[in-house]
Amino acid sequence: MSIDVVTFGCRLNAYESEVMKSEAEAAGLKDAVLINTCAVTNEAVRQARQTIRKTRRENPNARIIVTGCAAQTEAETFAEMGEVDLVLGNSEKLERASYGRVAQFGIEETEKVRVNDIMSVRETAGHLIDGLEGRSRAFVQVQNGCDHRCTFCIILWPW
Ligand code: SF4
């Protein structure tokens, strides 16, 4: 098994999933499932948790790395799940080094949560991708509209 990516949420997340896969492959990561979550509603977070449990059942030996907006805003929720090996923030998920550390030293030697304060991020690195797997139309990232501030999207429901 190489690297599988499961994507929730918007087109930006879909684009970033391709970047993640490419960076993880370039870092030499293998046997991993990257789950790129969305935090727009409680239901989106619930679906991510459900998918993580299912992924673990179907891939007992894979490294499960959870990232995306729900991981950014609720890192501990995902870190507490026994099925999860690593939680990456929205900035860290785009960095090759995040995956290289796991590929080189193993998941056991990596701190389980690598999520920084998103408000400290002043720049997001532009990435080019070769294509979007499973889609006939590509997306071009022109602007990162939310600048990863997350509260732009999150709908607090139920009130
Ligand atoms: S929270 Fe917003 S930016 Fe993040 S994946 Fe969901 S819709 Fe996209």
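The values are calculated or read from the model by the stated rules, or taken from the named source; none is laboratory data. Computed from a predicted model, the values in this text were never measured in an experiment. In this analysis, Cβ positions are derived from the backbone assuming ideal geometry, glycine residues included, and neighbour counts consider all displayed protein chains. Surface accessibility is based on the protein's heavy atoms, side chains included, excluding ligands, DNA and RNA. Shrake-Rupley method; radii C 1.70, N 1.55, O 1.52, S 1.80 Å.
Some observations on this one:
- Peptides 62-74, 6-18 ranked from most to least packed give 62-74, 6-18, packing being the mean of other C-beta atoms within 10 angstrom over each peptide's residues.
- Percent carbon-and-sulfur accessible area, segment 39-139, ignoring ligands, DNA and RNA, probe 1.4 Å: 43
- For the set Lys30, Lys112, solvent exposure ranked by accessible area (probe 1.4 Å, protein chains only) runs largest to smallest as Lys30, Lys112.
- Exposure ranking of Glu83, Glu23, Glu109 by accessible area [1.4 Å probe, largest first]: Glu109, Glu83, Glu23
- Tensor-based shape of segment 29-128 (alpha-carbon gyration tensor, a/c under 1.5 rounded, otherwise prolate or oblate): oblate
- Heavy-atom surface of segment 3-120, accessible at 1.4 Å and reported per residue (Å²): 44
- Remark: the Cα gyration tensor places segment 62-117 in the oblate category, a/c being 1.5 or greater and a/b not exceeding b/c.
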